[in-house]
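Novice: What follows is a structure written as structure tokens; I'll ask about it next.
The values are calculated or read from the model by the stated rules, or taken from the named source; none is laboratory data. For clarity, every value in this text was computed on a predicted model and none was experimentally measured. Note that we place each Cβ from the backbone using ideal geometry, even for glycine, and neighbour counts take in every protein chain shown.
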């Protein structure tokens, strides 16, 4: 090698390159929770957890898996009581688009109700645990009325508006019958959109859906009997089914979306943003927006 320093240098460079590749590949693979240099096909898992208020992160993860040719199929893990109508519908639409590229199986966790069920319906198949809480096929809108309280403490409020219904749902006065009908028509329309999804995706008659779409919840086993769920099992069963639907044989690896690296400034701003979000959420929850949400405390 002393006689051929150039060759020695090239070999050393190749070895170092291989070592660094293995090292950084291992870090990247571990962030995605999969094995490095695996020859198995891969099943991606995207989670929808908690009250659904924003769809952006979930949509990005679904789209990333859709572009990744190494992902054979996707499991959509849902552990949510539902939430905002628009956010739930946006995730639903993204899964529908993803199905044009690869198979998607929904896996229901502890709770997959209302908007959570709506999203699950977008998948090719739905797998639920026997004790999963699901159902709550409904739409809800709530308003508080503090008119009598204001009278007791001697407070008066004045409203200046440009439209007859601009302050509809105001907590300062009771709704008129005409206003209540407007809100009821709105909720009914959003409810019917939910029913339309179940009729279409679960291939059930509208009459059959209407009979169970009254806001009640079901166990996973009951939901299967009603036709809302295809199979009982955990996330492992969902991943196995996704692998089978993809047409791949043999073992598979489960991978999750890679976490984005963040600087110290990102953590500081994220902490502040989370605090602001929690504060804002408390205010919004008292506002009375419409939602696909199961909340037993309501």
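Novice: Just to be sure I understand, how many residues within region 194-240 are in a helix (DSSP H, G or I) and either in contact (Cβ under 8 Å) with a residue 12 or more places away in the chain or surrounded by 15 or more Cβ atoms within 10 Å (Cβ to Cβ) (or both)?
Specialist: In the first step, residues of region 194-240 are kept if they are in a helix (DSSP H, G or I); the result is 194-201, 206-212, 220-226, 235-240.
If we keep only those that are either in contact (Cβ under 8 Å) with a residue 12 or more places away in the chain or surrounded by 15 or more Cβ atoms within 10 Å (Cβ to Cβ) (or both) too, we end up with 194-195, 197-199, 201, 208-210, 212, 220-224, 226, 235, 237-240.
Of the residues in region 194-240, 21 are in a helix (DSSP H, G or I) and either in contact (Cβ under 8 Å) with a residue 12 or more places away in the chain or surrounded by 15 or more Cβ atoms within 10 Å (Cβ to Cβ) (or both).
Novice: With the condition kept exactly as written, say whether any residue in region 25-37 is modelled with pLDDT of 95 or more, in contact with a helix residue (DSSP H, G or I) (Cβ under 7 Å, 6 or more places away or on another chain) and closer than 25 Å to residue 234 by Cα.
Specialist: Here is the first cut: in region 25-37, the residues modelled with pLDDT of 95 or more are none.
For region 25-37, residues modelled with pLDDT of 95 or more, in contact with a helix residue (DSSP H, G or I) (Cβ under 7 Å, 6 or more places away or on another chain) and closer than 25 Å to residue 234 by Cα: absent.
Novice: Moving on to the next point. Please count how many residues of region 131-184 are exposed (fewer than 14 other Cβ atoms within 10 Å of the Cβ) and within 30 Å of residue 203 (Cα to Cα).
Specialist: Adding up the residues that qualify gives 2.
Novice: Only residues in region 140-159 that are in contact (Cβ under 8 Å) with a residue 12 or more places away in the chain and at negative phi count as the first member; pair them with residues that are assigned to a helix (DSSP H, G or I) and surrounded by 10 or more Cβ atoms within 10 Å (Cβ to Cβ), Cβ under 7 angstrom, at least 6 apart or cross-chain, and list the lot.
Specialist: Filtered contacts from region 140-159: 141/183; 141/187; 157/150.
Novice: Quick one: in region 61-82, which of the residues that are in contact with a helix residue (DSSP H, G or I) (Cβ under 6 Å, 6 or more places away or on another chain) and buried (at least 24 other Cβ atoms within 10 Å of the Cβ) is nearest to residue 102 (Cα to Cα)?
Specialist: It comes out as 73.
Novice: Could you grab me the full set of residues in region 153-184 that are part of a helix (DSSP H, G or I) and either under 26 Å from residue 292 (Cα atoms) or at pLDDT below 90 (or both)?
Specialist: The initial filter retains those residues of region 153-184 that are part of a helix (DSSP H, G or I), namely 153, 177-184.
177, 178, 179, 180, 181, 182, 183, 184, listed by residue number.
Novice: When region 78-133 is examined, which residues are found to be in a strand (DSSP E or B) and over 18 Å from residue 45 (Cα atoms)? Walk me through it before giving the result.
Specialist: First, pick out the residues of region 78-133 that are in a strand (DSSP E or B): 78-80, 82-84, 103-113, 125-128, 133.
Scanning region 78-133 gives 82, 83, 84, 113, 133.
Conditions tested, residue by residue: (1) within 30 Å of residue 60 (Cα to Cα); (2) in contact with a strand residue (DSSP E or B) (Cβ under 7 Å, 6 or more places away or on another chain).
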site	(1), (2)
90	yes, no
122	yes, no
126	yes, yes
183	no, no
